[in-house]
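Here is the structure we will look at, set down as structure tokens.
The values are calculated or read from the model by the stated rules, or taken from the named source; none is laboratory data. No experiment lies behind these values; they were computed from the predicted model shown. Cβ placement follows ideal geometry from the backbone for every residue including glycine, while neighbour counts extend to all protein chains displayed.
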Amino acid sequence: MATNNKGISQNTAILNYLQSGHSITPVDALNKFGCFRLGARIYELRKRGFDISSARTELPNGKIIASYSLKKAEAAKNKVSQATAQAAAPANVDTETGEVKEDNQPKKQ
């Protein structure tokens, strides 16, 4: 699976973007995440159970492209899940990526 320059997969980066309430087009995916095959990433996310809608968007030059967004019920469910994860996760775990953060605090004895 391809990763972006932050070390997270394109699927994770795109999912996080959609969960934050944005819609995404292939041009957005290329510019933001270096993703040339947004349709394939959306297909993979749908297979994992995410309810992603697609719409045709006409550009000013007359070209028609796809635009994808997370359906409202899915977005609301994910906000609750994220809030629960943040409350339950140890302080040194990034709840969006699941990565363990460096602990720069000296250990108490």
Pair list, Cβ under 8 Å, 6 or more apart: region 25-52 residue farther than 14 Å from residue 70 by Cα and without any contact (Cβ under 8 Å) to a residue 40 or more places away in the chain, other residue in a loop (DSSP other than H, G, I, E, B) and among the small types (Gly, Ala, Ser): 34/2; 35/2
Which listed residue is assigned to a helix (DSSP H, G or I), modelled with pLDDT under 95, out of contact with any Phe, Trp or Tyr (no Cβ under 7 Å at 6 or more places or on another chain) and β-branched (Val, Ile, Thr), from 84, 95: 84
Region 35-69 - residue that is among the small types (Gly, Ala, Ser) and under 17 Å from residue 23 (Cβ atoms) and, of those, surrounded by the most Cβ atoms within 10 Å (Cβ to Cβ): 69
Residue match in region 9-26 (condition: part of a strand (DSSP E or B), surrounded by 16 or more Cβ atoms within 10 Å (Cβ to Cβ) and at pLDDT 60 or above): yes
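Working carefully through the options 68, 43, find the one that is modelled with pLDDT of 95 or more and assigned to a strand (DSSP E or B).
Details: 43 fails: assigned to a strand (DSSP E or B).
None of the other options fit; the residue is 68.
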